[in-house]
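Presented below is the structure to which this report refers.
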Amino acid sequence: MAASPTLLRRRAAAALLALAGGLFATGCITGERPTLAEGPLQTGDPAVDAVLARLDGAGASIFTAGYDVLTRFGDLQTPATVVQDGPARRSVTIGQVRFIVDGASTATCDLDAASCTTTIDAARVSDTQLTPDFYAVSAAATLRRDAAARTGATTAATETIAGQPATCVTVPVSGGQSTYCALDTGPLARLDAADRVITMTNYAPSADATAFTRPG
């Protein structure tokens, strides 16, 4: 019996979580650009590649950004914050779970329990359909996948998101369309897809040092 579309989406999300956890904990520490099996760096579609160029460069930026996340399955609303201080130092908080990469040191922290482990455990936020690098590597991977499966021509656009100029592309896919926007400095500014909506709500070109404090 063929798997249902919902089951296929869940399997794909689980695979992406595993991939992203490894990339967040390894490639981001060394500062090397991860190599994705999803496809070539450029897709040949100018509108898609303009957004990908920004997402692929997000790992070197310095910024603090807040997000609102809607996970459509279950109608789950989750706040998220990304703080990045260059390629080897970042803190990503999704709900009450904080992922920290600080040079060679990593941690997954439960802010409610005031406790941390010493690894990046992406499964802690699997209910949100997010990964610890949802704003960069994961967004680029899903955009490449959507671009490869597109059912028609893409549409380029520009928007102002969180007070910043953003470059966007809308990709028609089976059953609808997905929109991706990225700031010129790299991070994801908006993603509107069948499974989730991610919207940047605030942005500053500096890293909030308090985000690297471990509870407990």
| Hz values of 3J(HN,Hα) by residue in the stretch 158-169 - Karplus curve (6.51, -1.76, 1.60), Gly and Pro given as x | 10, 9, 10, 10, 6, x, 10, x, 10, 9, 10, 9
| said: Taking 8 Å as the Cα distance limit and 6 or more residues as the minimum spacing, I'd like the relative contact order of the stretch 165-216 as a percentage. | reply: 22 percent
| How far apart, in nm, are the 7 Å Cα→Cβ label points at L41 and A209? | 3.5 nm
| field | From phi via Karplus (6.51, -1.76, 1.60), per-residue ³J(HN,Hα) for the stretch 48-55 in Hz, x at Gly/Pro | value | 5, 5, 5, 6, 4, 4, 6, 4
| From the phi of every residue in the stretch 116-129, what ³J(HN,Hα) in whole Hz does the Karplus formula 6.51 cos²θ - 1.76 cosθ + 1.60 yield, where θ is phi - 60° and glycine or proline is x? | 9, 9, 9, 10, 8, 10, 4, 5, 5, 10, 4, 5, 8, 6
| query | If you bin the C-alpha pair distances of the stretch 103-216 every 10 Å from 0, what whole percents do you get? | reply | 12, 36, 32, 16, 4, 0
| What FRET efficiency do you get for S115 and A194 if R0 is 30 Å and r is their Cβ-Cβ distance, rounded to the nearest 0.05? | 0.30
| query | Near the amide H of L76, under 5 Å away, which other amide H atoms are found, from residues 5 or more places off or on another chain, if H is placed in the peptide plane? | reply | T71
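For A113, what is the net charge nearby, where nearby means another residue's Cβ is under 15 Å from its Cβ and Lys, Arg count +1, Asp, Glu -1? Show your work: numbers first, answer last.
Working: positive: R98, R124, R214; negative: D110, D112, D121.
Neighbourhood net charge equals 0.
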| Label-to-label distance, nm, for residues given as T160 and A104 (7 Å Cα→Cβ offset) | 4.7 nm
| remark: Plugging the Cβ-Cβ distance of Q96 and L70 into 1/(1 + (r/R0)^6) at R0 = 22 Å yields, to the nearest 0.05, a FRET efficiency of 0.80
| remark: Counting only residues 5 or more apart in sequence or on a different chain, those whose built amide H sits under 5 Å from that of S178 are V171, V173
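Readers should treat all values here as calculations from the given coordinates under stated rules, not as data from a laboratory. Values in this document were obtained by computation on a predicted structure and should not be read as measured data. Heads up, the Cβs are rebuilt from the backbone with ideal geometry, glycines too, and the neighbour counts pull from every protein chain shown.
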